[in-house]
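**Student:** There's a structure below that I have some questions on.
The values are calculated or read from the model by the stated rules, or taken from the named source; none is laboratory data. Since this is a predicted model, take the numbers as computed values, not measurements. Cβ coordinates were reconstructed from backbone atoms using ideal geometry, including for glycine residues, and neighbour counts include every protein chain displayed.
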Amino acid sequence: MGDKPLDLTVSVGGGLVLRNPVMTASGTFGYGREYAPYVDLRRLGAVIVKGLSLKPRAGNPPPRIMETPSGMLNAVGLQNIGVDAFVEEKLPFLRTLGTPVIVNIFGESVEEYGKLAGILDTVEGIHGLEVNISCPNVRCGGIAFGADPSAASEVTERVRCATGLPVMVKLTPNVTDIAAVARRVEAAGAHSVSLINTLRGMSVDVENRVPHLAMVTGGLSGPAIKPVALRMVWEVRQAVSIPVIGVGGIQTGRDALEFLIAGASAVEVGTANFINPRATLDVLEGIVSWMERKGIGRIGDIIGSLRVCMEEPA
């Protein structure tokens with residue numbers, strides 16, 4: 001390659017091009033500034049902030065986090081400061097970075113999703129929306145929007161109608177066929193999909209015979225879910241034509257490369273941030289080191305390069 005710099009740029013849909021494929025996962029990086037003492041945020045592909053609702057949300061009662069083998073359970077309950085406080089108090093700092101800012105949004109009704117998207121549509125310094133459809137649909141007895149392809153499609157369509165920003169839909173793994181949901185949100189206008197969100201799990205205090213979490217169940221994340229996330233990314237990549245963003249258990253550059261090779265256009269680093277505040281940059285540097293060692297100058301040559309040889313059944 002000589003002295004020619006690596007081309008790490010990736011497209012994540014809707015005209016949004018990132019300088020590199022490493023983003024933060026919503027809910028694990030605060031509103032960005034919290035990690036500024038540890039990470040040069042200007043080096044990241046994008047910062048995805050903690051999920052926002054229309055009004056401030058206190059979240060669930062403690063205990064709401066539990067470490068598990070190779071992962072963690074959380075039942076934080078989407079605690080956040082609300083969209084208005086974010087725009088007024090948190091966004092001014094993010095605007096100074098020169099790094100794309102993607103805002104994760106969630107609601108308890110289709111109308112709430114649309115209102116949030118409309119509020120953020122013309123706000124300076126926001127480059128895209130990530131739509132969390134793992135939230136309970138209050139009109140359907142608390143079933144997550146993402147568990148119902150029709151509901152997922154409806155939310156996506158409402159958000160697309162309310163904003164001109166790139167729309168990334170974050171898919172739940174707690175479904176029978178994630179590819180079917182991905183196809184529906186693509187048809188509804190999503191520019192990309194990110195997956196996976198957490199898997200539902202629980203942990204029990206054997207001595208006292210009670211759940212470790214106040215809400216009994218929570219979302220499992222961390223290295224334990226990486227094989228599941230990787231498989232789902234591969235399946236969805238074959239089902240849709242829009243970019244796929246890989247999330248789940250990514251701690252190192254090699255983890256990220258697995259997702260890229262399987263078809264992800266970019267990745268999000270989540271739980272690893274709690275263990276190692278520099279995890280995002282370590283992942284980026286690991287990707288670069290591997291590319292240099294392999295003599296690969298363009299990251300686009302890696303994406304979707306998985307070689308699969310499966311014999312047809314007799």
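Per-residue answers, yes or no, for (1) acidic (Asp, Glu); (2) in contact with a helix residue (DSSP H, G or I) (Cβ under 7 Å, 6 or more places away or on another chain):
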| residue | (1), (2) |
| --- | --- |
| Val47 | no, yes |
| Lys50 | no, no |
| Met66 | no, no |
| Gly82 | no, no |
| Glu89 | yes, no |
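**Student:** Hey, another quick one. Could you count how many residues in the range 157-172 are surrounded by fewer than 23 Cβ atoms within 10 Å (Cβ to Cβ) and touching a Ser or Thr at 6+ places or on another chain (Cβ under 8 Å)?
**Tutor:** Adding up the residues that qualify gives 1.
**Student:** Just a yes or no: is a residue in the range 26-40 surrounded by 15 or more Cβ atoms within 10 Å (Cβ to Cβ), at pLDDT 95 or above and over 21 Å from Ala279 (Cβ atoms)?
**Tutor:** No: the range 26-40 contains no residue that is surrounded by 15 or more Cβ atoms within 10 Å (Cβ to Cβ), at pLDDT 95 or above and over 21 Å from Ala279 (Cβ atoms).
**Student:** Moving to a separate point now. Got a sec? Which of Ile296, Ile250, Ile261 is closer than 18 Å to Met232 by Cα and out of contact with any strand residue (DSSP E or B) (no Cβ under 6 Å at 6 or more places or on another chain)? Outline the logic, then answer.
**Tutor:** Numbers: Ile296 fails: closer than 18 Å to Met232 by Cα; Ile250 fails: out of contact with any strand residue (DSSP E or B) (no Cβ under 6 Å at 6 or more places or on another chain).
Step by step, each of Ile296, Ile250, Ile261 is checked, and only Ile261 is closer than 18 Å to Met232 by Cα and out of contact with any strand residue (DSSP E or B) (no Cβ under 6 Å at 6 or more places or on another chain).
**Student:** Going by the conditions given, is Ser203 small (Gly, Ala, Ser) and touching a His at 6+ places or on another chain (Cβ under 9 Å)? Lay out the reasoning, then the answer.
**Tutor:** Working: small (Gly, Ala, Ser): yes; touching a His at 6+ places or on another chain (Cβ under 9 Å): yes.
Against the criterion (small (Gly, Ala, Ser) and touching a His at 6+ places or on another chain (Cβ under 9 Å)), Ser203 qualifies.
**Student:** Which condition number in (1) touching a residue at least 24 places away in the same chain (Cβ under 8 Å); (2) farther than 21 Å from Ala58 by Cβ is the one that Thr96 fails?
**Tutor:** (1)
**Student:** Pairs, please: C-beta under 6 Å, at least 6 apart or cross-chain, first residue within 24 Å of Pro223 (Cβ to Cβ) and in the range 71-91, second β-branched (Val, Ile, Thr) and surrounded by fewer than 21 Cβ atoms within 10 Å (Cβ to Cβ)?
**Tutor:** Asn74/Ile65
**Student:** Are there any pairs, at least 6 apart or on different chains, whose C-beta atoms fall under 7 Å, with the first in the range 104-125 and at positive phi and the second not in a helix (DSSP H, G or I), and if so, which?
**Tutor:** So the pair list comes out as Gly125/Val101.
**Student:** Ok, one more. Answer yes if at least one residue in the range 225-240 is in a loop (DSSP other than H, G, I, E, B), under 18 Å from Val169 (Cα atoms) and either in contact with a strand residue (DSSP E or B) (Cβ under 6 Å, 6 or more places away or on another chain) or not aromatic (Phe, Trp, Tyr) (or both), and no otherwise.
**Tutor:** Here is the first cut: in the range 225-240, the residues in a loop (DSSP other than H, G, I, E, B) are 240.
Now narrow it down to the ones that are under 18 Å from Val169 (Cα atoms): 240.
Among the residues that remain, those that are also either in contact with a strand residue (DSSP E or B) (Cβ under 6 Å, 6 or more places away or on another chain) or not aromatic (Phe, Trp, Tyr) (or both) are: 240.
The answer is yes; a qualifying residue exists.
Residue-by-condition table, conditions (1) more than 15 Å from the chain's Cα centre (by Cα); (2) within 19 Å of Leu73 (Cβ to Cβ):
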position: Leu230; (1), (2): no, no
position: Thr252; (1), (2): yes, no
position: Glu258; (1), (2): yes, no
position: Ala272; (1), (2): no, yes
position: Asn276; (1), (2): yes, no
position: Glu285; (1), (2): yes, no
position: Gly295; (1), (2): yes, no
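**Student:** Could you look through the range 98-121, keep only residues that are hydroxyl-bearing (Ser, Thr, Tyr) and more than 21 Å from Gly32 (Cβ to Cβ), and pick out the one that is nearest to the chain's Cα centre (by Cα)? Working first, answer last.
**Tutor:** Taking the range 98-121 as the starting set, the residues that turn out to be hydroxyl-bearing (Ser, Thr, Tyr) are 99, 109, 113.
Restricting the remaining residues to those that are more than 21 Å from Gly32 (Cβ to Cβ) gives 109, 113.
Numbers: Ser109: 21, Tyr113: 17 Å.
It comes out as Tyr113.
**Student:** Restricting attention to the range 180-204, report how many residues are touching a helix residue (DSSP H, G or I) at 6+ places or on another chain (Cβ under 8 Å) and closer than 23 Å to Gly27 by Cα. Walk me through it before giving the result.
**Tutor:** Filtering the range 180-204 down to residues touching a helix residue (DSSP H, G or I) at 6+ places or on another chain (Cβ under 8 Å) leaves 180-185, 187-190, 193, 195-199.
Checking which are closer than 23 Å to Gly27 by Cα leaves us with 181-182, 185, 190, 193, 195-199.
The number of residues fulfilling the criteria is 10.
**Student:** OK, next. For the range 270-299, give me the residue count where each residue is outside any helix (DSSP H, G or I) and among the hydroxyl-bearing types (Ser, Thr, Tyr). First the steps, then the outcome.
**Tutor:** Kept after step one, since they are outside any helix (DSSP H, G or I), are these residues of the range 270-299: 270-271, 276-278, 295-298.
Now drop any that are not among the hydroxyl-bearing types (Ser, Thr, Tyr), which leaves 271.
Residues in the range 270-299 being outside any helix (DSSP H, G or I) and among the hydroxyl-bearing types (Ser, Thr, Tyr): 1 in total.
**Student:** Provide a single number: the residues in the range 161-194 that are outside any loop (DSSP other than H, G, I, E, B) and over 20 Å from His127 (Cβ atoms).
**Tutor:** Applying the first criterion (outside any loop (DSSP other than H, G, I, E, B)) to the range 161-194 yields 161-162, 167-170, 178-187, 192-194.
Among the residues that remain, those that are also over 20 Å from His127 (Cβ atoms) are: 178-184, 186-187.
Going through the range 161-194 one residue at a time, the tally reaches 9.
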